[in-house]
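Trainee: One structure is given below, represented as structure tokens, and several questions about it will come after.
The values are calculated or read from the model by the stated rules, or taken from the named source; none is laboratory data. In this text, all values refer to a predicted model and were calculated from it rather than measured experimentally. Note that we place each Cβ from the backbone using ideal geometry, even for glycine, and neighbour counts take in every protein chain shown. Ligands, DNA and RNA are stripped out before the accessible areas are found, and what is left, the full protein with its side chains, is counted by its heavy atoms. Shrake-Rupley method; radii C 1.70, N 1.55, O 1.52, S 1.80 Å.
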Amino acid sequence: MSSKEVKTALKSAREAIKNKEFKEALKHCKAVLKLEKNNYNAWVFIGLAASELEQPDQSQTAYKKAVELEPEQLLAWQGLANLYEKTDQWDFKVELPDIYQKLVDLYACSDKTKCYEMIKKLSDVYQSDKEYLKLAKLWRQLLQLKEEESVDKKELLQLWQQMTQLLSDCLKEGGQDQETQQHLITAFEKAMVLMDPVPGEEHKKVSADYVKCLSNLPQEEVKIKEACESMLTLYPDQSYPLEVLCSHYLRKGVHNEDALSCFSRLLALDPNSGLGHLGLGTKALQEGRYKDAIKDLAQGLKKKSSSTGWYSLAEAQLKMHRYSDCALSCSQGGCYLLYITLIPDAGKYPVLMALKGRAYLNKGQVEQALKESSELLASDPKLAQGFVLRGLAQLAQEQQELAEESFLMATSLSPDSGEYFFLLGKLYWDMGEETRKDRTKAHTHFLKAAKLDPHLGCVFRYLGHYYREVASDPGRARGCYKKAFELDDDDAESGAASVDLSMEQGHMAAALASLQSVIEKATPGSAKWAWMRRGLYHLKVGEHQQATADLQAALRADPEDWVCWECLGEAYLNRHSFTAALKAFSKAHQLQPSSIYSVYQAAAIKQTLGKFKEAVAEYLQITAQQDYVPALKGLGECQLALAKSLMEDCRDGGAIDLIQQAIQNLYRAVTLRPDLSCLWKLLGDACTAVSTVSPNRAQVVVPAELAGLHPNTQNPTLNKAQALKVGERCYARALKLMSEVPSLWYDLGLNLYHQSRLPSITEEDQNSPSLLLEKAQLCLKKAIMKDSGNYCYWNALGVISMSKGNTLYMSLFVFSPNLCVVLNFFFLYIPSQNVTAWTNLGTLYLKKDNIELAHEAFKIAQSLEPLYVNCWIGQALIAERVGSYDTMDLFRHTTELSTHIEGVKGYAFWVCSTLLDKNNRDSELYRYNIVQMNAISAAQVALSKYTERIQSDPDAFIMLGFLNEHLQLKRQALHAYQRAVELLQSMTSTEELAFALGSYGRALCTSGQWEEAVRVYNSTPLQELSDLVGLALAYCRAGLISESINAYERALAVASSEKEKAYILTALALLQHRQGNLDPAKTLLFKCSMLKEPISESLLCLCALGLVHNDATLAAAALSELLKRGPGSGNVVEQRCLLTCTLLALQGNYSAVQREASRAVHSNPGNPSLWALLSRLVPQYHPRKANGGAMAGQVACLASMTQGKRALLHSGLNQLANGRHSGEDSHRNALKTMQRAVLLCPDDPATWAGLMAACHTENTSCYLSGSAPRIQGLEQTLMSIVSEKGIERPLVQTLEGWVLQQAVTGLMLGGQLEQAEALCSQVLNVSPEHPAVMLSLTQVQCHHLLVANTGAVLPDSVLDQLNKTVMMNPTNVGAWHWLAEVYRSQGLLVQAVMAYKQSLQIASQLGLHSSQVASLLRLALLALGPCMAGIPGNDWTDLILEATTEVLKLGSSPMALLFQALLQYVTKMAARETRRLLERLVYAPSQDIPVTVVQVAGWYLLRHLHAKNDQELINVSTQLSHVHYSVFFWFNIHNIKCIFLTSTCVEAAISHKWRN
């Protein structure tokens, strides 16, 4: 092929490429290469086509072949560049920079624009690949091309700046070599040359960058200095070049004049420059100015952290012996301490070995330290460090002589070491007084150490010790301590000693300045000694708030310092922060349990706060350890204060015990310090305190010596007079010690006054009352002479003067016609704010019958002190005298303020008077004073306290007995009346004695002591109606009916009103009925109703009489008359409701019984008795509503605790009737309720019987559910408990029979037939003729026989015996039911029917509603069996209908409806009536129908629908799916029998048996 063909083929290839037909292009190119192997264009076209066809390797080969052919041609190189850029292959990326570089070279001659583009691309590649040197050369090439083009100077500057920026960034990454760095320096220099203007902001910025660049190039030291100097010349206010220079000097360790000048210039520009301070500090370190070095280095390191700076600081601190600061600086600078044992060849370095030995000493390993010292001395016998180490080790072993030799050898070998001389001096100091005082020993060596090492602070501390303790030169000592503290501000001992000496020498300002400087520098939690001393200073000068703050700061430094806690407690105490002080002293005692002072102060604070009991406990803790007089004094004061508080509450017995203890403790203190007047005064107070107590209580045991007896004699028991006499002697002893104290004269005067009031002292005695009063008056005059401004002294003098009969002051007050005259005189002698004096003045006026003036005086006293009880008593007495309605309220207020005998007796009198008035019960005044203010309880409590102290007041005991009767406190009332009778029998008041005896007899009757009551009543004149009626009641209760009737007849003759006669006639009627005289009883009751003032009680008795004798007509008539009297209240409403319900039950209207009780509750919802009655009636007459009955019992229990105890039993019975057990409700069930009832009423046998029934219910539910019974073995225990409780006689046999039957049933249910039979036999041994026991034994034996011989037929003789046993219990409905079941099991259906009818007849006669329903349902169930078995005849059908109809007449009964529906199902299975009856039960509300009834009805409804092929079967099934069949097992046994009887399997069995 010719060249023409080649050109044509290349043209075709070009066209194909243009049309993107790259395969065609390849064909044409290959055709060309066949003709011409080295055709450049063909290879280029192949490369391009292959690249487009994504064949990079073929394309690369083609382009490289073309490049080999024509290396200077651009086309192939461009193709390679495009291929490498487009293809993401690592080998292509590696070759791409070379391709770019070749293109740059080719474009440089031809196309500068494309050349610059290639440079940009290549620059990016070099920058990303971190080819910094190639990048620098590339930029130099670019700049060279630009310079050749003569581009603008500004553009060149920008390019040089870009180059500096690029290379500077590379420099930051640490990727530059020296050549690259030179390129960067050149770039900065070129850029700075091209800049204009100079100086200028741009130039300054570039200069700073240049300096910064050079600072990173240590080898360019000359250029760094030149650049910095040049910049400083142009910009002298710039600190940056100085910082670079300083940093350079510090790094190089240069500290010549130039460096110092640089540091100074930098600090002149920037005083806070860290580099400047570091430089100056390093310079100071070199020059030995360690203190300045530490200051400058520390300040510099705050601004700029540097490892060399920290090292220099650590070195300076080491020189100043600040070792802890040195270690801290090392750690901050990253200088890590290595274990010496890890350093290679540590033994070659004596310093390290010496440090290692000292480390062993610090750890307590003395032997190891000695070993190191031996090795050191073995390596170099003249090594001073070895001798020092050995001396320290010997000193640790207390070998002071050997240590002295070692230290002497060390000082001789190293005479310029201040530390060694200090160690030797310290050794001499520790060796004892002799070496301390020897100036050639400790003192000399300390001085030499201080001279050799003036920075060693501990030397100056010991010099201070020497001058203070040995030389007695406090001035020099203070100077040494101050120097030591200046050298080491952590030396708390030196600082504290310096401040203490300054304070001792009176340099308070200097001491406070020192403390202030330390505190200002201290960090939180440090400088405890400074805070504490400043706090003590403030405490001393009375600045308690500042003292508290300082001591708190001291405790933040050391929270475990108990001394500081005590000081803080003192500060709190001085500023009266008692609670805080108490906590501080408690903390101090916790830290130091042996500190008595902390305990004492805590006790004193509690005493101040009035917490006397706690204070006594603290004081006793101290006195148990030692006889500490302040603690004994405080203990006596607290016990005396407690005694006074008890006496204020009339608790004299406890008060006497405390007074006795106070005397014992104060006497202990007096024996230790008889020179203290305060102790004798307190002893006198304790002895005088018995003056308030009743004489029979005032029996105090005192130490024999205090009573004036020989010390070896037994401690005597003093009466009131003797105790007061001892108190007089104690006051005299106190006056002997301090005769100028007016309060002691006052106390002595009061003691003498109390002695004069004792009843045992007569005028014939040596110390007659008049003489004692004279002495008391003299004592008080003496007190007034010494302190005439104390109103208490004047008041006491007035009281004593009145006791003497001095009417000087009395006449003035009594005969003053104007109150103003009296008051003007009064203000001359007493302060206007004296409440006691005003009260006494009012008492004086009241005594002279000047009511108005007394009222004004008491009024002023009340305004001065509203809580002062005496002025309120005065106002109450005034109100009583004028007949005010506020009298009782005023007396009540006095009892609330405090227990005062006048106020208590007055209040009790008015309460009793109000209670005796029967006509004011409905008045507003009665409701407020008695009911609302709870007057009876308040008066009883107050009067009990009164009689505790005043035991000779019969009136008070009579009132107390009366109030106790109202509160149902029978025993307390009896004791009060008995005491009143005993007191009155020794007096001449016959009338009061008769009244007390009558009240005593009434209390005896209430307490059940009938014979004693008869005796007491017979000792009265028997002229009062109350005495005669009480005697009659006592005779009646004692069983003397005839005597009781005679007494009532005598009372009837004495009765004055028709109402009284009506009551007596009613009582006579009850007695006649009790004797069996029914007609006379009726006659007397009718006679009551014919009186002018008939009473409702007679009608109640008449109604009850009719009910007891089943006379419904009489009961209804009496009840009708009773209800005509209108609504009653309280017990009357309950009695009427009970009688109405009983009458309805007697009439057979059982459903109305529950409605009547509910109506009464609705009318009186606040009456808990009616709620309890409703709860009691529901389970007996309407058991289907037992849930409501249980709720009614709960309401009664919450409303009244008295009614609630019994109502809780009724609530439990309702839960039993409702089948509520723990399996159904674990919280509210019969067992838990009965347990609470037993807990509240443990003496009630009914509650124990209920508990027994609840336990049986729990076990039954467990048996039915298939689980093990929870409660076993309690039958006999509960049975014995019920038998032990007291039961009224008519109920004994019935309850015991029931309990036995319950126990036997439980044993039989558990299969324990032998135990049940043994139990019955055991009871028969005690009660052989007990019919209920015989019945239970027969039932057990019969059951045992039937179980042992399943399906056996009982002989006729056995059946006759069973019938006879049941006949022995003719009223036992359950017995007849059991007999009927036995007959049914034997197939004797007719006999079973007769037995059920007999039980029905008995239940009807006894009025047992539930038993009637049970008998009828059992009878219907019995008849249902033959009907479902298909036995022909209408007898059983009629029997079912008759029985269920009677049940429905008595009330609604789902079981009766179920039996009728099943009868209809049996007779007419497919009838519509069958479906109606069954659906009536299935779709009834769930709360009305038991679930078992619904299940049975649903089962037969499904069978009915299935027989009729009814589509509604699906809907019924869906409806029944909501029934929880698991509930089925939790219902009573009758329902279970019904389920079993109606199942298909049982039907077949019954049908087979009966047909046979």
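Trainee: Would you mind finding the one in Val94, Val44 that is free of Cβ contacts under 8 Å to residues at least 24 places away in the same chain, within 30 Å of Tyr126 (Cα to Cα) and among the aliphatic types (A, V, I, L, M)? Can you show your working first?
Mentor: Values: Val44 fails: free of Cβ contacts under 8 Å to residues at least 24 places away in the same chain.
When all the criteria are applied, what remains is Val94.
Trainee: Answer yes or no: is there a residue in the range 582-594 that is among the charged types (D, E, K, R) and modelled with pLDDT of 90 or more.
Mentor: Pass one, the range 582-594, residues among the charged types (D, E, K, R): 583, 587.
Narrowing the set further to residues that are modelled with pLDDT of 90 or more leaves 583, 587.
Yes, there is a match, as at least one residue in the range 582-594 is among the charged types (D, E, K, R) and modelled with pLDDT of 90 or more.
Trainee: Going through the range 1412-1450 one residue at a time, which ones are surrounded by fewer than 21 Cβ atoms within 10 Å (Cβ to Cβ) and among the polar types (S, T, N, Q)?
Mentor: Asn1434, Thr1437, Thr1445
Trainee: Look at the range 601-625 and say how many of its residues are over 13 Å from Cys638 (Cα atoms), in a helix (DSSP H, G or I) and open to solvent by 40 Å² or more (accessible area, probe 1.4 Å). Walk me through how you get there before you give the answer.
Mentor: First pass over the range 601-625, keeping only residues over 13 Å from Cys638 (Cα atoms): 601-602, 621-625.
From what's left, in a helix (DSSP H, G or I): 601-602, 621-623.
Then keep just the ones that are open to solvent by 40 Å² or more (accessible area, probe 1.4 Å); that gives 621.
So the count comes out to 1.
Trainee: Can you work out which of the residues in the range 261-299 that are of a type in the set (A, V, I, L, M) and open to solvent by 50 Å² or more (accessible area, probe 1.4 Å) is farthest from Ser239 (Cα to Cα)? Don't jump to the end; show me each part of the working.
Mentor: First, the residues of the range 261-299 that are of a type in the set (A, V, I, L, M): 266-269, 275, 278, 280, 284-285, 293-294, 297-298.
Narrowing further to those that are open to solvent by 50 Å² or more (accessible area, probe 1.4 Å): 268-269.
On the way: Ala268: 10, Leu269: 6 Å.
The selected residue is Ala268.
Trainee: While we're looking at this one, here's another question. Residue by residue through the range 1030-1074, note down the ones that are within 15 Å of Leu1004 (Cβ to Cβ), in a helix (DSSP H, G or I) and open to solvent by less than 40 Å² (accessible area, probe 1.4 Å).
Mentor: Residues satisfying the conditions are Gly1030, Leu1031, Ala1032, Ala1034, Tyr1035, Cys1036.
Trainee: Now, a different point. Please determine, by comparing only the residues of the range 1198-1222 that are of a type outside the set (D, E, K, R) and more than 17 Å from Pro1179 (Cα to Cα), which one is most open to solvent (accessible area, probe 1.4 Å). If you could, list the steps in order and put the result at the bottom.
Mentor: If we filter the range 1198-1222 for residues that are of a type outside the set (D, E, K, R), which is where we start, we get 1198-1204, 1207-1219, 1221-1222.
Those still in the list that are more than 17 Å from Pro1179 (Cα to Cα) too: 1198-1204, 1222.
Values: Leu1198: 155, Ala1199: 67, Ser1200: 25, Met1201: 111, Thr1202: 113, Gln1203: 55, Gly1204: 0, Ser1222: 28 Å².
Looking at the filtered set, the residue picked out is Leu1198.
Trainee: Tally time: how many residues in the range 1223-1247 are open to solvent by less than 40 Å² (accessible area, probe 1.4 Å) and either within 20 Å of Val1304 (Cα to Cα) or among the basic types (Lys, Arg) (or both)? Walk me through how you get there before you give the answer.
Mentor: Here is the first cut: in the range 1223-1247, the residues open to solvent by less than 40 Å² (accessible area, probe 1.4 Å) are 1229-1231, 1233-1234, 1237-1238, 1241, 1244-1247.
The next check asks that each one be either within 20 Å of Val1304 (Cα to Cα) or among the basic types (Lys, Arg) (or both); those that pass are 1231, 1245-1247.
The total comes to 4.
Trainee: Something else now. Could you tell me which residue of the range 1000-1023 is most open to solvent (accessible area, probe 1.4 Å), considering only residues that are under 15 Å from Ala1047 (Cα atoms) and in a loop (DSSP other than H, G, I, E, B)?
Mentor: Step by step, filter the range 1000-1023, then rank; the result is Gln1023.
Conditions tested, residue by residue: (1) modelled with pLDDT of 90 or more; (2) part of a loop (DSSP other than H, G, I, E, B); (3) under 26 Å from Tyr946 (Cα atoms); (4) open to solvent by 10 Å² or more (accessible area, probe 1.4 Å).
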position	(1), (2), (3), (4)
Asn840	no, no, yes, yes
Ile860	yes, no, no, yes
Trp872	yes, no, yes, yes
Leu877	yes, no, yes, yes
Leu890	yes, no, yes, yes
Thr899	no, yes, yes, yes
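Trainee: Given the condition under 46 Å from the mean Cα position of the chain (by Cα) and over 15 Å from Gln660 (Cα atoms), answer yes or no: does some residue in the range 687-706 qualify?
Mentor: yes
Trainee: What number goes with the only condition from (1) among the charged types (D, E, K, R); (2) more than 60 Å from the chain's Cα centre (by Cα); (3) open to solvent by less than 20 Å² (accessible area, probe 1.4 Å) that Asp1027 does not pass?
Mentor: Status for Asp1027: all satisfied but (2).
Trainee: Looking at (1) without any contact (Cβ under 8 Å) to a residue 24 or more places away in the chain; (2) open to solvent by less than 30 Å² (accessible area, probe 1.4 Å), can you tell me which one Ala698 breaks?
Mentor: Among (1) without any contact (Cβ under 8 Å) to a residue 24 or more places away in the chain; (2) open to solvent by less than 30 Å² (accessible area, probe 1.4 Å), Ala698 violates only (1).
Trainee: Tell me which of these Gln1401 doesn't satisfy, since it passes every other one: (1) open to solvent by less than 20 Å² (accessible area, probe 1.4 Å); (2) within 26 Å of Gly1148 (Cα to Cα).
Mentor: That leaves (1) as the condition not met.
Trainee: May I pose another question? Open to solvent by 60 Å² or more (accessible area, probe 1.4 Å) and within 21 Å of Leu646 (Cβ to Cβ): does that describe Val941?
Mentor: Working: open to solvent by 60 Å² or more (accessible area, probe 1.4 Å): yes; within 21 Å of Leu646 (Cβ to Cβ): yes.
Yes: the conditions hold for Val941.
Trainee: From Gly1311, Gly1306, which residue is modelled with pLDDT under 75 and either open to solvent by less than 70 Å² (accessible area, probe 1.4 Å) or charged (D, E, K, R) (or both)?
Mentor: Working: Gly1306 fails: modelled with pLDDT under 75.
Exactly one residue qualifies, and that residue is Gly1311.
Trainee: Give the residue, chosen from Ala704, Ala723, that is modelled with pLDDT under 90 and open to solvent by less than 50 Å² (accessible area, probe 1.4 Å). First the steps, then the outcome.
Mentor: Details: Ala723 fails: modelled with pLDDT under 90.
When all the criteria are applied, what remains is Ala704.
Trainee: Further question on the same structure: May I ask you to verify whether Ala1172 is under 50 Å from the mean Cα position of the chain (by Cα), in a helix (DSSP H, G or I), without any contact (Cβ under 8 Å) to a residue 40 or more places away in the chain and under 23 Å from Leu1114 (Cα atoms)?
Mentor: Answer is no for this residue.
Trainee: Okay, moving on. How about the range 1081-1103: which of its residues are open to solvent by 40 Å² or more (accessible area, probe 1.4 Å), of a type outside the set (Asp, Glu) and assigned to a helix (DSSP H, G or I)?
Mentor: Of everything in the range 1081-1103, those that are open to solvent by 40 Å² or more (accessible area, probe 1.4 Å), of a type outside the set (Asp, Glu) and assigned to a helix (DSSP H, G or I) turn out to be Lys1082, Thr1083, Phe1086, Lys1087, Ser1089.
Trainee: Let me ask another. Pull up the range 519-530, narrow it to residues that are outside any loop (DSSP other than H, G, I, E, B) and open to solvent by less than 50 Å² (accessible area, probe 1.4 Å), then point me to the one that is farthest from Leu555 (Cα to Cα). Before you say what the answer is, go through the steps one by one.
Mentor: Going residue by residue through the range 519-530, those that are outside any loop (DSSP other than H, G, I, E, B) are 519-521, 528-530.
Remaining after also requiring open to solvent by less than 50 Å² (accessible area, probe 1.4 Å): 519, 529-530.
Values: Ile519: 14, Trp529: 10, Ala530: 11 Å.
Applying the filter and picking the extreme gives Ile519.
Trainee: Shifting gears a bit: Just checking: which of the helices (runs of 4 or more DSSP H) contained wholly in the range 1332-1414 hold 1 or more residues that are within 21 Å of Met1455 (Cα to Cα) and out of contact with any Pro (no Cβ under 7 Å at 6 or more places or on another chain)? Step through it out loud before you land on a result.
Mentor: Working: elements: 1356-1367, 1373-1385, 1389-1406.
It comes to 1373-1385, 1389-1406.
Trainee: Can you find even one residue in the range 970-985 that is surrounded by 15 or more Cβ atoms within 10 Å (Cβ to Cβ), among the hydrophobic types (A, V, I, L, M, F, W, C) and within 21 Å of Gly903 (Cα to Cα)?
Mentor: Checked against the condition, which is being surrounded by 15 or more Cβ atoms within 10 Å (Cβ to Cβ), among the hydrophobic types (A, V, I, L, M, F, W, C) and within 21 Å of Gly903 (Cα to Cα), the range 970-985 yields at least one hit.
Trainee: Out of the range 1058-1094, which residues are over 17 Å from Glu1121 (Cα atoms) and among the aliphatic types (A, V, I, L, M)?
Mentor: Scanning the range 1058-1094 gives Ile1064, Leu1065, Ala1067, Leu1068, Ala1069, Leu1070, Leu1071, Leu1078, Ala1081.
Trainee: What residue, of Val1178, Val1153, is open to solvent by less than 10 Å² (accessible area, probe 1.4 Å), touching a Phe, Trp or Tyr at 6+ places or on another chain (Cβ under 8 Å), in a helix (DSSP H, G or I) and of a type in the set (Val, Ile, Thr)?
Mentor: Details: Val1178 fails: touching a Phe, Trp or Tyr at 6+ places or on another chain (Cβ under 8 Å).
Of the residues listed, the single one that is open to solvent by less than 10 Å² (accessible area, probe 1.4 Å), touching a Phe, Trp or Tyr at 6+ places or on another chain (Cβ under 8 Å), in a helix (DSSP H, G or I) and of a type in the set (Val, Ile, Thr) is Val1153.
Trainee: Step by step: first the residues of the range 404-436, then only those that are assigned to a helix (DSSP H, G or I) and polar (S, T, N, Q), then the one that is surrounded by the fewest Cβ atoms within 10 Å (Cβ to Cβ). Which residue is that? Please lay out each step first, then the result.
Mentor: Start the filter on the range 404-436 by keeping residues that are assigned to a helix (DSSP H, G or I), which leaves 404-413, 418-430, 433-436.
From the residues that got through so far, the ones that are polar (S, T, N, Q) too are 406, 411-412, 435.
Details: Ser406: 28, Thr411: 23, Ser412: 12, Thr435: 18.
By that ranking, first place goes to Ser412.
Trainee: Okay, next question. Out of curiosity, is Pro831 modelled with pLDDT under 85, in a loop (DSSP other than H, G, I, E, B) and out of contact with any helix residue (DSSP H, G or I) (no Cβ under 9 Å at 6 or more places or on another chain)? Walk me through how you get there before you give the answer.
Mentor: Working: modelled with pLDDT under 85: yes; in a loop (DSSP other than H, G, I, E, B): yes; out of contact with any helix residue (DSSP H, G or I) (no Cβ under 9 Å at 6 or more places or on another chain): no.
For Pro831, the condition - modelled with pLDDT under 85, in a loop (DSSP other than H, G, I, E, B) and out of contact with any helix residue (DSSP H, G or I) (no Cβ under 9 Å at 6 or more places or on another chain) - is not met.
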